[in-house]
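Everything on this sheet refers to the single structure shown next.
Read-outs: derived from the displayed coordinates by stated rules, not from any lab. Quantities reported herein were computed from a predicted structural model and do not represent experimental measurements. Cβ placement follows ideal geometry from the backbone for every residue including glycine, while neighbour counts extend to all protein chains displayed.
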Amino acid sequence: KMVSAAKLKKAQDAITAMRPYAEKLTELLQNLSATLDGDVGGEFTTQRELKKVLIVAITSNRGLCGAFNSNVIKEVKSRSQFYAGMQVDVFAIGKKGNDVLTKSLTVVDNQSHVFDELTFDNVTKVAETLTQKFVSGEYDKIELVYNQFKNAATQIVQTEQFLPLAPIKSDTRAKGEQSVAKPVSTGDYIFEPSKEEIVLTLIPKSLKTQLYKGIRDSFASEHGARMTAMHKATDNATELRDQLKLTYNKARQASITNEILEIVGGAEALNG
């Protein structure tokens, strides 16, 4: 508990500092994409017929963190059932997820070593591997499943589409009305280089940032979950100890009372 509490602060600061950057990068990409016509994303936005799906399961290398890993594993199995009839493989990031999912699903790779030194450069290599699997046609869709950090006691299981890039969400005017695609206004700007070139440069960077954010979220969630689980374990052990001590004292008191009664009974018998 104490080790996780010490590491949680650093992990929490890292993900809190990164989120605004990741969200702004996604917003910028969407704003630019919305003002362009046609298929600008090229190979990253290609919508293919779903036959082969890859699910990236982000768990931890260590246990003793409550339902942290089991929630992700449960969601991965649920997603594999959702894509029933297709080839569904798992790309594990985290030893615990790899150990369990290997028994029921096909795990094509395990990148648990990422947590040994969690840096953007190390995650970039994993992101490039995933991107290559999609671009080469090895998989038609890639999803991320991980725990999003809310606070030390709460982690939310998230399922995000990694590739192909999801289209810009339509803007719904009012309840019941038909959704109408509304390009986000970016003002009258002159772009250098061209919008298309900026978008194609931002897409790989955005994908790397998305994966890094997911792993960072999971890392902070792991320490929060472990700290909470160990705190509850300590409380449960203390409560059990108190109950056992009370039971022991009652039994001891009953034993002493019986001995006194026997002595008194024996003395009365001698006097009688």
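Note that the chain shows a convex hull volume over its alpha carbon atoms of 228 Å³ per residue. The GNM of the chain, with springs linking C-alpha atoms under 10 angstrom apart, assigns the highest mean-square fluctuation among Ala254, Ala127, Ala11 to Ala254.
Could you work out the local net charge near Met230, counting Lys and Arg as +1, Asp and Glu as -1, over the other residues with Cβ closer than 14 Å to its Cβ? After counting each charged neighbour, the total is +3. Ordering of 15-23, 257-265 by packing is 15-23, 257-265, highest average first (other Cβ atoms within 10 Å, averaged per residue).
Taking other C-beta atoms within 10 Å as the exposure proxy, Ser78, Ser221, Ser206, Ser136 rank Ser136, Ser78, Ser206, Ser221 from fewest upward. Under a 5 Å amide H cut-off, with hydrogens placed 1.01 Å from N, Ser60 pairs with Lys96, Gly97 among residues at least 5 apart or on other chains. I want to verify a result. In a Gaussian network model of the chain, Cα cutoff 10 Å, which of these has the top mean-square fluctuation: Lys205, Lys24, Lys245? Greatest mean-square fluctuation among the candidates belongs to Lys245. Taking only alpha carbon atoms, region 16-66 gives an Rg to Rh ratio of 1.14, where Rh is the Kirkwood radius.
Helical content alone sets the calculated 222 nm signal of the chain at -19500 deg cm²/dmol, taking -39,500 (n - 2.57) per DSSP H segment of four or more residues and averaging over every residue. The mean sequence distance of close C-alpha pairs (under 8 Å, at least 6 residues apart), as a share of the length of region 29-96, puts its relative contact order at 44 percent. Remark: Asp109, Asp140 ranked as Asp109, Asp140, counting other beta-carbon atoms within 10 Å and listing the fewest first. For region 129-136, backbone phi angles converted through the Karplus equation (6.51, -1.76, 1.60; θ = phi - 60°) give residue-by-residue couplings of 5, 5, 4, 5, 4, 7, 4, 6 Hz, Gly and Pro being listed as x. I'd like to know which of Val72, Thr119, Leu32 lies farthest towards the positive end of the charge dipole of region 2-228, counting +1 on Cβ of Lys and Arg and -1 on Cβ of Asp and Glu. Looking along the dipole axis, the top candidate is Val72. Using the Cα centre of the chain as the reference point, and only Cβ charges (+1 on K/R, -1 on D/E), how large is the resulting charge dipole? Debye, rounded to the nearest 20. Here the size comes out at about 560 debye. Here r is the Cβ-Cβ distance between Met18 and Thr247 and R0 is 45 Å; the resulting FRET efficiency, rounded to 0.05, is 0.30.
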